[in-house]
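**Q** Take this structure, written in structure tokens, and hold onto it; I'll ask about it next.
The values are calculated or read from the model by the stated rules, or taken from the named source; none is laboratory data. All values derive from a computational prediction rather than experimental measurement. Cβ placement follows ideal geometry from the backbone for every residue including glycine, while neighbour counts extend to all protein chains displayed. Quick note on the areas: whole protein, heavy atoms, side chains included, nothing else; ligands and nucleic acids left out. Shrake-Rupley method; radii C 1.70, N 1.55, O 1.52, S 1.80 Å.
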Amino acid sequence: QMQLIESGGGLVQAGGSLRLSCAASTRTFNSYAMGWFRQAPGKEREFVTAISRTGGSTNYADSVKGRFTISRDNGKNTVSLEMNIVKPEDTGVYYCAAKATIYTENYYLKEIQYDYWGQGTQVTVSS
């Protein structure tokens, strides 16, 4: 069982930076691949970035590549999303997700592949 709690959302101007964090309740955090998704108003939830169990492999949506960085700290049971040079189109609710997996270096890109989700944190980028 896993409980995920996102934090760090807020209002930021275009071009600025924001760091989101996701805290996991499980004692076996290193057994989960992690991901971030977001949902803009009026749009479907979309993939943002994912990271493998070890943190050794990552993947980014083209829309955020070069601007966002995902990382994890398995000692603290957290995964973070550094958002840089944010754009108005980055606005949305950001969700942390976890997938139990035996594969240490796999990452996952689809919502349906994930087992647990946080409640989300709002990010608003003003122009």
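**Q** Take residue 94 and tell me if it is in contact (Cβ under 8 Å) with a residue 24 or more places away in the chain and open to solvent by less than 40 Å² (accessible area, probe 1.4 Å).
**A** The answer is yes for residue 94.
**Q** Still on this model: Output the residues belonging to the stretch 11-50 that are part of a helix (DSSP H, G or I) and open to solvent by less than 70 Å² (accessible area, probe 1.4 Å).
**A** Hits for the stretch 11-50 are 29, 31.
**Q** Modelled with pLDDT of 95 or more and over 12 Å from the mean Cα position of the chain (by Cα): is that true of residue 24 in this structure?
**A** Judged against the criteria, residue 24 is a match.
**Q** Could you please find all residues in the stretch 100-119 being surrounded by 12 or more Cβ atoms within 10 Å (Cβ to Cβ), out of contact with any helix residue (DSSP H, G or I) (no Cβ under 9 Å at 6 or more places or on another chain), in contact (Cβ under 8 Å) with a residue 60 or more places away in the chain and outside any strand (DSSP E or B)?
**A** Those that are surrounded by 12 or more Cβ atoms within 10 Å (Cβ to Cβ), out of contact with any helix residue (DSSP H, G or I) (no Cβ under 9 Å at 6 or more places or on another chain), in contact (Cβ under 8 Å) with a residue 60 or more places away in the chain and outside any strand (DSSP E or B): 103, 106, 107, 108, 109, 111, 114, 115, 118.
**Q** Based on this model, can you work out whether residue 101 counts as modelled with pLDDT of 95 or more and of a type in the set (S, T, N, Q)?
**A** Yes; evaluated as a whole, the condition is true for this residue.
**Q** With 57, 71 as the choices, which residue is of a type in the set (Gly, Ala, Ser), within 15 Å of the chain's Cα centre (by Cα) and open to solvent by 40 Å² or more (accessible area, probe 1.4 Å)? Before you say what the answer is, go through the steps one by one.
**A** Values: 57 fails: open to solvent by 40 Å² or more (accessible area, probe 1.4 Å).
Among 57, 71, only 71 is of a type in the set (Gly, Ala, Ser), within 15 Å of the chain's Cα centre (by Cα) and open to solvent by 40 Å² or more (accessible area, probe 1.4 Å).
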